[in-house]
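Below is one structure, written out as structure tokens; the observations come after it.
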Amino acid sequence: MIETILPSKAEALEDAMTFLEGALASVSCPMKTMLRISMCFEEIFVNVARYAYADRKEEGTIKIRIDANPSEAEITIIDSGLPFNPLANEDPNITLSAEERGIGGLGILMVKKTMDETSYEYLNGQNVFRMKKRLV
Amino acid sequence: MNIMKKQENDTLVVALEGRLDTTTAPELDRELKASTNGVKTLTFDFAKLEYISSAGLRVLLSTQKIMNKQGEMIIKNVNDTILEVFDITGFSSIMNIQ
């Protein structure tokens, strides 16, 4: 299990991705799967970076924990910001036409459909979001 | 991400290379808003696009809405992983993907 703590801002995404991709590469994660996981990770990370600490001036932090082996990877994203469950909102209606489509919710829809498991809990003042994917 | 534009009369071809994500999507959005005036056929060539996140999808959706009013938008050479994203989000049914 490896962990890193990054500033809660969109600019930290590149470092976060490097950390994630390094961890997945070290267990020989296939490229396609790596792209899928990166995409889900980006959605959650950017959402936390933008909104978790929106109510305060000081920059918060985001902790990323990765538990990976060649068969499976679990990624946990933890912040101490406003309680927020990304899984709670209704999925966007994907049968609507382009004109009718709203812009929101696409990211979390992608996460729910791409990862094998997702979960959220608010524990000891922290948002804890977990997502897991089989790698083979 | 590299953006290569080729304009000929009222057709515009935009080829993307690299990753269309939170950091690169705003640049694409700016480039498109600056170039789509008077364009009747906008074609995206995704042959060299490796990755797309929802930030990229949002730019595509808002561009689709603009092009629906003035002509058409086509996305071609989409790789498997990106096609999967289009399927999951329903974009395959509202966009012309070739």
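Read-outs: derived from the displayed coordinates by stated rules, not from any lab. Here the structure is a predicted model, which means the values were calculated and not measured. In this analysis, Cβ positions are derived from the backbone assuming ideal geometry, glycine residues included, and neighbour counts consider all displayed protein chains.
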**OP:** Please work out how much length the chain gains when fully extended from A:Leu96 to A:Glu11, using 0.36 nm per residue of separation minus the C-alpha to C-alpha distance, in nm with one decimal.
**Re:** 27.3 nm
Original post:
Want the number for B:Met4 to B:Gln70: 0.36 nm per residue separation, take away the alpha-carbon distance, what's left?
Top reply: 21.6 nm
Subject >> Neighbour cut-off at most 15 other Cβ (10 Å), DSSP loop, trypsin sites (Lys or Arg not before Pro), region B:37-98 >> reply: B:Lys40
**OP:** Give the relative contact order (percent, whole number) for chain A; include only Cα pairs under 8 Å separated by 6+ residues.
**Re:** 28 percent
Original post:
Mean Kyte-Doolittle of at least -0.5 and a Cα length of 27 Å or more along the axis: which whole DSSP H helices of chain A meet both?
Top reply: A:31-51
Original post:
Anyone know which of B:Thr23, B:Thr11, B:Thr41 comes out most mobile in the 10 Å Cα GNM of chain B?
Top reply: B:Thr23
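If you keep only loop residues by DSSP, which GluC sites (Glu not before Pro) in region A:11-110 have at most 12 other Cβ atoms within 10 Å of their Cβ?
Numbers: sites: A:Glu11, A:Glu14, A:Glu21, A:Glu42, A:Glu43, A:Glu58, A:Glu59, A:Glu72, A:Glu74, A:Glu90, A:Glu99, A:Glu100; in loops: A:Glu58, A:Glu59, A:Glu90, A:Glu99, A:Glu100.
In loop regions of region A:11-110 (DSSP not H, G, I, E or B), the sparsely surrounded GluC sites (Glu not before Pro) are A:Glu58, A:Glu59, A:Glu90, A:Glu99, A:Glu100.
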**OP:** Taking a cut-off of 18 Å between Cα atoms, list the lysines near A:Lys132, but don't count ones fewer than 8 places away on the same chain.
**Re:** A:Lys32, A:Lys63, A:Lys112, A:Lys113
**OP:** Treating only the Cβ atoms of Lys and Arg (+1) and Asp and Glu (-1) as charged, compute the dipole magnitude of region A:18-136 about its Cα centre; round to the nearest 20 debye.
**Re:** 240 debye
